[in-house]
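The values are calculated or read from the model by the stated rules, or taken from the named source; none is laboratory data. Fair warning: this is a prediction, and the values are worked out from it, not measured in the lab. A quick note on method: Cβ atoms are made from the backbone with ideal geometry, for glycine too, and the neighbour counts reach across all protein chains shown.
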Amino acid sequence: MSTEAAQVHEEDHGHHHKETFVTKYIFSQDHKMISKQYLITGLFMGIIGIAMSLLFRLQLAWPEQPFGIFEVLLGKWAPDGVMDPNVYLALVTIHGTIMVFFVLTAGLSGTFSNLLIPLQIGARDMASGLLNMISYWMFFVSSVVMVISLFVEAGPAAAGWTIYPPLSALPQAQPGSGTGMTLWLVSMAIFIASSLLGSLNYIVTVINLRTKGMSMTRLPLTIWAFFVTAIIGVVSFPVLLSAALLLIMDRSFGTSFFLSDIFIQGEVLHYQGGSPVLYEHLFWFLGHPEVYIVLLPALGITSEIIATNARKPIFGYRAMVASILAIAFLSTIVWGHHMFISGMNPFLGSVFTFTTLLIAIPSAVKAFNYITTLWKGNLQLNPAMLFSIGLVSTFITGGLTGIILGDSTLDINVHDTYFVVAHFHLVMGISALYGLFAGVYHWFPKMFGRMMNKNLGYLHFWVTAVCAYGVFFPMHFIGMAGLPRRYYTNTAFPYFDDLADINVLITVFALVAGAAQLVFLYNFIHSMFYGKEAEMNPWKSNTLEWTAPVEHMHGNWPGEIPHVHRWAYDYSKPGFEEDFIPQHFPLKEGEEELQH
Amino acid sequence: MNVLLIFSVLVLIAIALWQITKIFELSQEKKVSTQVANDKDNDLNGKLMFAFLIFIYVLTLYSFWAYSDVLLPEAASEHGGDYDQLMWISFALIFFVQTITQALLHYFSYKYRGEKGKKALFYADNDKLEMIWTIIPVITLAGLILYGLYTWTDIMTVEENDEALVVELYAQQFNWKARYAGDDGVLGDANVRFLQDFDGKNLVGIDATDPNGFDDVVVQELHLPVGREVIFKMRSQDVLHSAYMPHFRAQMNCVPGMITEFAFTPKTTTEEMRLNPEMIAKVKKINKIRSEKSKELVASGDTALDPYEFDYLLLCNKICGASHYNMQMKIIVESEKEYEKWIAEQQTFAEVIQ
């Protein structure tokens, strides 16, 4: 494109986008603004989710003790400041739902897919800005409905985040299964629609809108991760929607998909022929891939940040892509490992053990590749890098115990104990949260044009890292001792009295970890307005987003979109002065592009 | 009071953290506050990475040392030994991999911390290495999978036989009942639709038209003869429950509308388990904790806690409502003779409905 043409194009742009406050900040169709909206909504939900976990941790450490804070926050659900058992279950349920879906799916994948897909592949925006906007606003509505459900008379949903029927289907079974559960289902149905719109948009954008030279094998690993995540989402989320719809039918229209032969509150119900096991299959068909929907974007972000800050190419690019694909494929055929003891045929259990343990292979490849990327690097240990290394650490620690839980035999005795809680919090909760933090620290300059405070970032990381292990490591032990999860208190079993001290320790770590997140929040909000102004490419990174101007503009690049001539990981390549070569730099004469 | 104190300390810590961050903020006004790490940051955080490795190791070792007495209680069923062996083999493997990979990760983070002017090694690919760390997990996991599946099939294959004792575990919000098959060894048909027959005396909904049901015995405490296989048939009348018996390495969900199964052979009687030195130590520890708590309770005018005596447990391990945390049944393993005496004293269904 000649300079003249570029100018014409430019003017065209300026003319086209006369923006009002509403179109710029609220109903924006610009992917960068939508990404910020996702992030801020996700963080807001995260505050609620984490605060809830601190409340039930207090109850677990000091069971049935009165706390002023309970009276203030829970009102009549904590008579005299003592938490009601139904409220405990509600807190556990909503904590899980919010963290898994609203924070780590929408807040993580929604934020960074939106921000990075167009910027890193060299596109002016998403394939459909309108759908993108609708996707965000549906997410917003579903968040509002979920928050509203906290305020209904009988309390929010309380059947665990997996909402297994009949508990979730029958208001007689627990108060949370009334209006609270209806709102939960409505909220999730909207959420799923939002997620599908978003995912379809990501897939189409990655396939169609890559700039010249950006072949699939030159895509940064972040984009590979977001792309594959979107595909898993499109494949598995509709199944959850069907489960939710059938559950709504059972609840409100008297069908018997999941219910049969029930006697409750002195009354035989009319349901016949349904099976809760069917619901478990449908739920986990999404539920397990969901773990990877949460985790893969975090791993993609980590790949990018580790390579950039190690000043080294990511080790084994092809193997990394292959393992993302392998994990994605396997993730859809392992759901039964959540159901080894559900009454499902034991032979089926054998099959799921086999497929489940296979996932360890691509995961191991990824972990080793990260470690090798660090080897002989020149590590720039900024907060984003620390969180990425932290992610690899918790991913390994949490992933390894998966070998125990994925083995149907061993699952018999640790199923639904604190061992499980420890496992999945480390491998998907903490790891994905670290991915979120790493992404925020790394791309904050891109999102807000300012830098965050480094030392606060360090403080945030180290306190969080120590506390994350402090909270979840001991949980393995109380789980091995046989302590079931979702118990309001363990005092009903004197046999567990010797575990009470461990529970106090865990809660103290959790409270300190919670406080450390305030440091992050302060840093985030403060830096947004008063942070040092960012330069264009603060991390000396290779990917295309750092060639776009700091000041946001519609269409991302003022002139022509840069063309791509190499992969994203030419760091410290021999024969070059600088230790990075951005993707849009043409190959030098005689320079060979790495065959990958 | 203690709680209030700890809580206020934590709130103060939170406020302190907030204040410290502000001080940080102010003290950096002069310097340029940027997120880009300089040599000093790299050096400090690299060293902290190494310290963190030590933290992980210490935490692991301390936990194993301090909590070894609460880990997997001694198995009291025949397949329990196989289970524990598989568990410890898997654990050894995990422990080994964890130690090495965390060491590499954190050591590299420390060793290769950045310095201005240093250049990293351009090292993008090595098929041989990738091959090695694909093949090794494949072989190890193949072994584990085969071993696991062998044990799984062994445990889960339930074969009906004349020797075995057939017991139904019946779950409801929020308690357990057990039904013994009686002399004929066959459980009578049952359905929740019969629960209201006989003025509610039909506790688990036995079908009164099925003659097999008349000699069935319904009880609230589970008695098992030692050394004899028990085949459990699980039912639930309302929501999902899970029958979890950690000492026997046994668990199975109870699903309304269907019957699930699990079988094991108890090998240690309750009496024998109470005399197990580890168990004696554990009970002593628990009673120490309880007596200290009792002192506090008595001081504040409450009643003291009962001293604890060991019994096998059946817990509910699937969220089932408000009192999920207290849905339990005592299990007593005893000699065949004691068991026969006990069961003979119980009322049969025919006697109950008379």
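Brief remarks on what is shown
This table checks each residue for (1) touching a residue at least 60 places away in the same chain (Cβ under 8 Å); (2) among the hydrophobic types (A, V, I, L, M, F, W, C); (3) touching a strand residue (DSSP E or B) at 6+ places or on another chain (Cβ under 9 Å).
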| residue | (1), (2), (3) |
| --- | --- |
| B:M49 | yes, yes, yes |
| B:L59 | no, yes, no |
| B:W65 | no, yes, no |
| B:D125 | no, no, no |
| B:L129 | no, yes, no |
| B:L141 | no, yes, no |
| B:L149 | no, yes, no |
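- So A:L358, is it within 8 Å of chain B (Cβ to nearest Cβ), of a type in the set (A, V, I, L, M) and either in contact with a helix residue (DSSP H, G or I) (Cβ under 7 Å, 6 or more places away or on another chain) or crowded, with 22+ Cβ neighbours inside 10 Å (or both): yes
- Pick from the stretch B:67-115, criterion among the charged types (D, E, K, R) and outside any helix (DSSP H, G or I), ranking: farthest from the other protein chains (Cβ to nearest Cβ): B:E78
- Note on the stretch B:326-354: residues that are at pLDDT 95 or above and either of a type in the set (S, T, Y) or closer than 18 Å to B:D197 by Cα (or both) amount to 2.
- Check on B:F198, surrounded by fewer than 19 Cβ atoms within 10 Å (Cβ to Cβ) and in contact with a Cys (Cβ under 8 Å, 6 or more places away or on another chain): no
- Number of positions in the stretch A:93-123 that are within 14 Å of chain B (Cβ to nearest Cβ) and either surrounded by fewer than 24 Cβ atoms within 10 Å (Cβ to Cβ) or in contact with a His (Cβ under 7 Å, 6 or more places away or on another chain) (or both): 2
- Number of positions in the stretch A:33-77 that are more than 30 Å from A:E19 (Cα to Cα) and either touching a Pro at 6+ places or on another chain (Cβ under 8 Å) or part of a helix (DSSP H, G or I) (or both): 26
- For the stretch B:127-150, the criterion of being of a type outside the set (G, A, S) and assigned to a loop (DSSP other than H, G, I, E, B) is satisfied by no residue at all.
Residues checked against (1) facing chain B (nearest Cβ under 9 Å); (2) within 30 Å of A:F580 (Cα to Cα); (3) part of a helix (DSSP H, G or I):
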| position | (1), (2), (3) |
| --- | --- |
| A:A364 | yes, yes, yes |
| A:A367 | yes, yes, yes |
| A:T373 | yes, yes, yes |
| A:T394 | no, yes, yes |
| A:T397 | yes, no, yes |
| A:G402 | no, no, yes |
| A:D411 | yes, no, yes |
| A:V421 | no, no, yes |
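- Qualifying residues in the stretch A:527-544 (those that are surrounded by 19 or more Cβ atoms within 10 Å (Cβ to Cβ) and touching a Pro at 6+ places or on another chain (Cβ under 9 Å)) - the one nearest to A:A123 (Cα to Cα): A:L544
- Within the stretch A:78-122, being more than 30 Å from A:W62 (Cβ to Cβ), touching a Leu at 6+ places or on another chain (Cβ under 7 Å) and either outside any helix (DSSP H, G or I) or aliphatic (A, V, I, L, M) (or both) holds for A:L108, A:L119, A:I121, A:G122.
- Subset of the stretch B:37-66 (residues that are of a type in the set (S, T, N, Q) and not in a helix (DSSP H, G or I)): B:N38
- Under the condition of being more than 21 Å from the chain's Cα centre (by Cα) and of a type in the set (A, V, I, L, M, F, W, C), the residues counted in the stretch A:330-388 number 19.
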